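**Q** Below are the structure tokens for one structure; questions will follow.
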Amino acid sequence: MKSLLTAATALLSLAFLPPVRAHCPLCLGAVGIAASTATYYGVDQSVVGLFWGAMGISTGLWILAHLRKRWVRFQTQLVIVGSILLAVLPLFALPADSLYVPLLLAGEPGSLLNRVYWVNKLVVGGIIAVPVTLFAWRAHLLIKQVRHRVLFPFQGVVLTVSLLLVAGLGLYVAFG
């Protein structure tokens, strides 16, 4: 009975929520669903990290869209970096595959520039997500600025998810 009352209260509270008129929550939901689906189907962890990183940066951009006042210097950069770190840093706790990166440039064997490094695949994907997501967001804004409108409904979501899928396919081919 208690769970039925909780479910009814949750459904009733949804009726009083204001409508959302922004594409960023949709981007956030889309990349979150993509990350969960990729994990469920056993896709390479670098691709899962790509979608987690994109979710982090989408969260930062969404928060920035709702901040009306500038409180601190470098607020934009701090919010974006903070949201990315809050999305990617917890991935270190998950058991993950590693990717070895031989950096054999100069110096004695074992020195900083002549060593093999092991990098977490989830983190590699999360780092690659940053420029891909920012490029999709900038492309969306540029299209709106040049055309004075969006070309099709949910343009920002489609651009972001499409570029992430292309990057994910590249990561899957490279590391999968």
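**Q** Can you tell me the FRET efficiency between T76 and V116 if r is taken as the Cβ-Cβ distance and R0 is 30 Å, rounded to the nearest 0.05?
**A** Numbers: r = 37 Å, r/R0 = 1.23.
Step by step, r from the Cβ atoms, then E = 0.25.
**Q** What ranking do T76, T160 get, fewest neighbouring Cβ atoms within 10 angstrom at the top? Could the numbers behind the result be given before it?
**A** Numbers: T76 12, T160 30.
The fewest-first ordering by Cβ neighbours comes to T76, T160.
**Q** At 0.36 nm per residue, minus the direct Cα-Cα distance, what do L103 and L169 gain on full extension? Give it in nm, one decimal, please. Don't jump to the answer; show the numbers that get you there.
**A** Values: separation 66, 0.36 × 66 = 23.76 nm, distance 2.49 nm.
The span from L103 to L169 would gain 21.3 nm if fully extended.
**Q** I would also like to ask the following. Within the stretch 127-176, report the chymotrypsin sites (Phe, Trp or Tyr not before Pro) that DSSP leaves as loop and that have at most 15 other Cβ atoms within 10 Å.
**A** Details: sites: F135, W137, F154, Y172, F175; in loops: F154.
Answer by residue number: F154.
**Q** Highest mean first, what order results for 55-63, 30-38, 86-94, 109-117 on Cβ atoms within 10 Å? Please list the in-between numbers first.
**A** Details: 55-63: 23.4, 30-38: 18.8, 86-94: 14.8, 109-117: 10.8.
The most tightly packed comes first, giving 55-63, 30-38, 86-94, 109-117.
Just so you know, all these numbers are worked out from the coordinates, no wet-lab data involved. These figures come from a predicted structure and were not determined experimentally. Heads up, the Cβs are rebuilt from the backbone with ideal geometry, glycines too, and the neighbour counts pull from every protein chain shown.
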